[in-house]
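This report concerns only the one structure given below.
Values in this text are rule-based calculations from the coordinates and carry no lab data. Small disclaimer: the values here were computed from a predicted structure and weren't measured. Reconstructed Cβ throughout: ideal geometry from the backbone, glycine too, with neighbour counts over all protein chains shown.
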Amino acid sequence: MPRLSEVQQFLSSGGARVYRIPCKVLGELTGRVYLVLGAGEPTLVDAGSGQGESTQNILDGLDAVRRAFGESTDAAHIKRIIVTHGHLDHYGGLGELLARMTAEVWIHPLDSRAIAAPEESAALARHAARQVLVQAGVPEETGRELLAHHWLAPREPPAAITNVKLLETNAIDDIRVLHSPGHSPGHVCLLVDDLLLCGDHILPRTIPQLWPESLRPYKGLGHYLESLDRVRAVPGIRLALPGHEAIIEDVYRRIDEIRRSQTRRIQYVADLMRRANGPTTIWQIARGLYQQTAGFFALLAFMDAASRVEYLHQRGALRVANLEQIESDPRAAWQYVLD
Ligand SMILES: [Zn+2]
Ligand SMILES: [Zn+2]
């Protein structure tokens, strides 16, 4: 099992201290939780997954920050946890952390149900995913297999968190809040002077996973690209600190790379449609893009393809060709053609 990296300190231009604490989150996937000191109340950004060693990694990390940097990091000292978005690898550890600290939990309203009502969120997400699969023309048996790997159907959903505070503000103490929907409807990036804590919105190696907005409002490629532009327009970001992977030295360049990659992927779908030369379902396009993937990754790949088709359709590049059929049969797949 790979070892976690050490905790690391980053100093902001305004004198805040931001500590990066690595933790295991899901399987071999590692996450990064941040402790922000000197920007108002001591704040933890994200909570790990609560699975396996995740919470223990965070507690050990807080201890390492105390030993290496002389900070007061015992649990009683932390007054606030801000969750960048409502995905399990970022909020699943809240229950275990709150058993050790009396901290307020803040999350954007559009993701708040994920932590305040996890069972409802998971059930509604499964329902919406089923609709998306039907509309996309996924064969029934394949659809059942894909949903069995559904990322929002943990066998034991985490306990509901009560008294969640809604992050409907542009700033909390000296931390600026940038709503950045797309990867998740309520995703936020946090700006501490010239340091950007960017969750899963911008990652240094991976192009962040996208889902179509038909699954939930404020997901989707359109919102995601707008959110990239919103961050791109913030001047003077010296360093970006994401929720996974390494730090990002030049976030503006990375945003441009992600944008170019997304443009290529959108173009690729348009090319597949052109070659198909006739009505095509999202499922056929997804198979054209990702023939090799299976299981959980097949679901992610399918959702990524669906987000691109939806984007082209929203912008008038595609039209639905079988309107009569889908009006008379709610289980009919939508057939797209280039407009
Ligand atoms: Zn995420
Ligand atoms: Zn994540």
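Which of the lysines could a cross-linker span from Lys24 if the Cα-Cα distance has to be under 25 Å and same-chain partners fewer than 8 positions apart are dropped?
Reachable lysines: Lys79.
By how many nm would the segment from Arg274 to Ala321 grow when fully extended, if each residue of separation counts as 0.36 nm and the alpha-carbon distance is taken off?
15.5 nm
Relative contact order for the chain: what is it in percent, counting Cα pairs under 8 Å that are at least 6 residues apart? Please list the in-between numbers first.
Details: 651 pairs, mean separation 46.8, N = 339.
For the chain, the relative contact order is 14 percent.
Using amide H atoms built in the peptide plane, which far-off residues or other-chain residues are under 5 Å from Val25 H to H?
Close amide H contacts, sequence-distant or interchain: Thr30, Gly31.
Whole-Hz ³J(HN,Hα) for each residue in the range 311-317, computed from phi via Karplus 6.51 cos²θ - 1.76 cosθ + 1.60 with θ = phi - 60°, x for glycine and proline: what do you get?
The phi angles translate into 4, 5, 5, 4, 9, x, 7 Hz.
Under a point-charge model restricted to the Cβ atoms of Lys and Arg (+1) and Asp and Glu (-1), what is the dipole moment magnitude of the range 66-149 relative to its Cα centre, in debye to the nearest 20?
Approximately 300 debye in magnitude.
Can you put His201, His77, His244 in order, fewest other beta carbons within 10 Å first?
Going from sparsest to densest Cβ surroundings: His77, His244, His201.
Rounded to the nearest 500, what is the chain's calculated 222 nm mean residue ellipticity when only DSSP H runs of at least 4 contribute -39500 (n - 2.57) each, over all residues?
Helix contribution divided over all residues of the chain: -12000 deg cm²/dmol.
Mind putting a number on the dipole of the chain about its Cα centre? Charges go on the C-beta only, +1 for Lys and Arg and -1 for Asp and Glu, and I need it in Debye to the nearest 20.
With Lys and Arg at +1 and Asp and Glu at -1, about 640 debye.
Exposure proxy check: His149, His179 ranked by fewest other beta carbons within 10 Å? List each step's numbers first, then the result.
On the way: His149 14, His179 19.
So the residues, fewest neighbours to most, are His149, His179.
In nanometres, what is the gap between the two model label sites at Arg205 and Ala75, each 7 Å from Cα along Cα-to-Cβ?
Label at Arg205, label at Ala75, 3.3 nm between them.
Compute the relative contact order of the range 263-338 as a whole-number percentage, counting only Cα pairs closer than 8 Å that sit 6 or more residues apart in sequence. Could you put the intermediate results ahead of the total?
Values: 69 pairs, mean separation 30.0, N = 76.
Rounded, it is 40 percent for the range 263-338.
Name the residue farthest towards the positive end of the dipole of the range 41-96 from the options Thr84, Gly70, Thr55, assuming +1 on Cβ of Lys and Arg, -1 on Cβ of Asp and Glu, about the Cα centre.
Gly70
I'd like the distance separating the alpha-carbon centroids of the range 257-297 and the range 196-240, in whole Å.
A separation of 20 Å, based on Cα centres.
Which whole-Hz ³J(HN,Hα) couplings does the range 159-168 yield from phi under the Karplus relation 6.51 cos²θ - 1.76 cosθ + 1.60, θ = phi - 60°, glycine and proline marked x?
Those phi angles translate into 5, 5, 9, 9, 6, 5, 8, 8, 7, 9 Hz.
Please give the charge dipole size of the range 263-338, origin at the Cα centre, charges +1 on K and R Cβ atoms and -1 on D and E Cβ atoms. Round to the nearest 20 debye.
About 340 debye.
When only Cα pairs under 8 Å and 6 or more residues apart are kept, what is the percent relative contact order across the range 1-111?
The value is 23 percent.
Taking the number of other C-beta atoms within 10 Å as the exposure measure, put Asp74, Asp174 in order starting with the fewest.
Asp74, Asp174
Quick one: Karplus J couplings for the range 65-81, per residue in order, coefficients 6.51, -1.76, 1.60, θ = phi - 60°, nearest Hz, x for Gly and Pro?
Once θ is set to phi - 60°, the couplings for the range 65-81 become 5, 4, 5, 7, 10, x, 8, 7, 10, 5, 3, 5, 7, 8, 9, 8, 10 Hz.
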